[in-house]
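Note sheet for the following structure.
The values are calculated or read from the model by the stated rules, or taken from the named source; none is laboratory data. The structure presented is a predicted model; accordingly, all values stated were derived computationally and were not measured. Glycine also receives a Cβ, built like all others from the backbone with ideal geometry; neighbour counts cover every protein chain displayed. Please note that ligands, DNA and RNA were not included when accessible areas were found on the heavy atoms of the full protein model with its side chains. Shrake-Rupley method; radii C 1.70, N 1.55, O 1.52, S 1.80 Å.
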Amino acid sequence: MALSLYNTLSRRKEPFAPIDAANVRMYVCGPTVYDFAHIGNARPVIVFDVLYRLLRHIYGADHVTYVRNITDVDDKINARALRDFPGLPLNDAIARVTEKTASQFHSDVKALGCLEPTHEPRATDNIAQMIAIITTLVAKSHAYRTAGEVLFDTASMPEYGRLSRRNLDEQQAGARVVVDAHKKNPGDFVLWKLSSADEPGWESPWGRGRPGWHIECSAMSERYLGPVFDIHGGGLDLIFPHHENEIAQSRCAHGTDVMANVWMHNGFLEVEGQKMSKSLGNFVTINELLATEKFGGRRWPGEVLRLAMLMTHYRQPIDWTVRTLASAKRELESYACKISGKELDWFRLAVDRGDTPPPSPELVEALADDINTPAALTLLRKHAKAADSDWKAARLLLADSSYLGVLSDDTIFAHLSGGLAGNISSDLVLTTNNEIELLRVAILNRDSRGVNAISNTLFEKGLRIRGHARGHILLEQLSVPEDGQIVTLIAARLAARKAKNFKESDRIRDELTAMGIALKDSKDPVTGEIVTTWEVAR
Ligand code: AMP
Ligand code: ZN
């Protein structure tokens, strides 16, 4: 399989060749845990999850190591801890903030269908590694002490600026760089800074202090992936200064030509042309979408957000709208209907055994072309179209949508019965929520009388149970013919009987049976005439 990836270092798409095919290594910068993650933060998590799945497919699940860190040392965290837990000692307050935020992040990204990375190191567990790298940098004269800080000397590295393609002069002229008198060069950045007694700190050769942000990733990537690894990823905003500085630290400390061979960056999720960000205040948290009805008056399942993201190639900007979510939701519902409607029994068997089929070669090929998810989704739509007449296409649709993480054994039934409801009107689903719950319990308890009773109630509401798996229930809305049409047919049948045309009257009865209508003939006790009543057949 020829995998090619766009490399920010060369600004080109290149064939990917791992350093060691038995252990393909990828590092992605993770969240700074001081607040809920927004859906812009979700983008790199989803994009690199797709790449992780692809690498596992190509090289084998046991031959890929994916590291995504948690930044739990940061001055933003300290500020949040002081604000939210003013009564607590600072370290305890910090622990509260980081634990709560990290666990929220985990449940958010799980709902987005992301696999867990192989390792998820925390900065606070890797302080000794950071101190070791800084010590080496000082010893090699790439770093110096000044005014309570240890700074990286950017002028000591000739290739500094290679990734972001900035030269030192541009950095000096850059408006964002504050010229501090204590720095040798304006672009020199903090490796270690001293902490006051009321700030978090660790003992070090330079006194009690805390690390800068960039050194965290140099330390954690080296610990789990070695000094040189295959892929390093994150959002576009990390190219400078974060990734540039990671490269400077790691290469100068380890004496290597590169830190990672391939540098990959996702484009921004934007709102009206501006990057979604905490500082601009134009953000929507993942949790708000999943758990509140603030947007479009409804909650949005994680896989809907995931599909909406994958509609755009990862290097392009995404313009954020609820309309895109709605169209992703419709698309998933239609896939769920086609898959379950086509081969329910086969599907249920597959679900119960937990073995979804492997992705199609066409899907893998689309993704291997620099994670071309729009092409992958075009393929899903092709499968969906063919699924109406071809169960194999329905099966491919299931395989490929599961592989992309937008539908799974666990969620497919939810799209039909858990409020998303496929072709069932959402009003109807609301009025049957209670029965659905009772039905789940009855199924769980193998209470067949209970199941029968509830299925009768549902039937009266025009719903038939088509199947169930893992607590999900697939309902089908019965299409009941118009009363007028039934009455006309019954009148025609009575007329045929009167004319002794029994062949025709039987034909009409069969036609009604096929429509799900059962007839009952009785004699009117007063007039003695035949009266026909009807009901929906069970
Ligand atoms: P942060 O917590 O700001 O360091 O961001 C965590 C990750 O999310 C980084 O990889 C960022 O590049 C990425 N990111 C932040 N905002 C956006 C956005 N609006 N669109 C896409 N990626 C983003
Ligand atoms: Zn990083």
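Some values worked out for this structure:
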| item | result |
| --- | --- |
| Meets criteria (away from ligand 1 (no atom under 13 Å from the Cβ), open to solvent by 10 Å² or more (accessible area, probe 1.4 Å), of a type in the set (A, V, I, L, M) and in contact with a helix residue (DSSP H, G or I) (Cβ under 9 Å, 6 or more places away or on another chain)) for A61 | no |
| Whichever residue in segment 33-42 is in a loop (DSSP other than H, G, I, E, B) and open to solvent by less than 20 Å² (accessible area, probe 1.4 Å) and, among such residues, is farthest from ligand 2 (Cβ to nearest atom) | A37 |
| Conditions (1) away from ligand 2 (no atom under 16 Å from the Cβ); (2) open to solvent by 10 Å² or more (accessible area, probe 1.4 Å); (3) at pLDDT 95 or above; number of the one not met by L236 | (1) |
| Subset of segment 14-32 [assigned to a loop (DSSP other than H, G, I, E, B) and within 9 Å of ligand 1 (Cβ to nearest atom)] | C29, G30, P31 |
| Residues of segment 369-420 that turn out to be modelled with pLDDT under 80, in contact with a strand residue (DSSP E or B) (Cβ under 8 Å, 6 or more places away or on another chain), open to solvent by less than 30 Å² (accessible area, probe 1.4 Å) and assigned to a loop (DSSP other than H, G, I, E, B), as a count | 1 |
| Residue within segment 347-359 that is at pLDDT 90 or above and either on the phi < 0 side of the Ramachandran plot or open to solvent by less than 60 Å² (accessible area, probe 1.4 Å) (or both) present | yes |
| Qualifying residue in segment 86-101 (condition: within 16 Å of ligand 2 (Cβ to nearest atom) and open to solvent by less than 10 Å² (accessible area, probe 1.4 Å)) | no |
| Checking N282 against (1) surrounded by 15 or more Cβ atoms within 10 Å (Cβ to Cβ); (2) touching a residue at least 12 places away in the same chain (Cβ under 8 Å), the condition it does not meet | (2) |
| Considering residues of segment 205-227 that are under 26 Å from L88 (Cα atoms) and open to solvent by less than 30 Å² (accessible area, probe 1.4 Å) only, the residue farthest from ligand 2 (Cβ to nearest atom) | G207 |
| Positions within segment 195-213 being closer than 17 Å to C252 by Cβ and touching a residue at least 60 places away in the same chain (Cβ under 8 Å), in sequence order | P211 |
| Residue under evaluation D198, criteria (1) at pLDDT below 95; (2) on the phi > 0 side of the Ramachandran plot; (3) more than 16 Å from ligand 1 (Cβ to nearest atom), criterion not met | (2) |
| Breaking point among (1) closer than 26 Å to V64 by Cβ; (2) of a type outside the set (K, R); (3) within 16 Å of ligand 1 (Cβ to nearest atom), for E272 | (1) |
| Which numbered condition I247 fails, given (1) within 11 Å of ligand 2 (Cβ to nearest atom); (2) within 19 Å of R122 (Cα to Cα) | (2) |
| Selection status of G226, in contact (Cβ under 8 Å) with a residue 60 or more places away in the chain and farther than 20 Å from I371 by Cβ | yes |
| Those helices (runs of 4 or more DSSP H) lying entirely in segment 446-523 with at least 3 residues over 30 Å from T411 (Cα atoms) and modelled with pLDDT of 75 or more | 483-498, 502-514 |
| Members of segment 253-277 found to be within 17 Å of M309 (Cα to Cα), open to solvent by 10 Å² or more (accessible area, probe 1.4 Å) and hydrophobic (A, V, I, L, M, F, W, C), listed by number | F268, V271 |
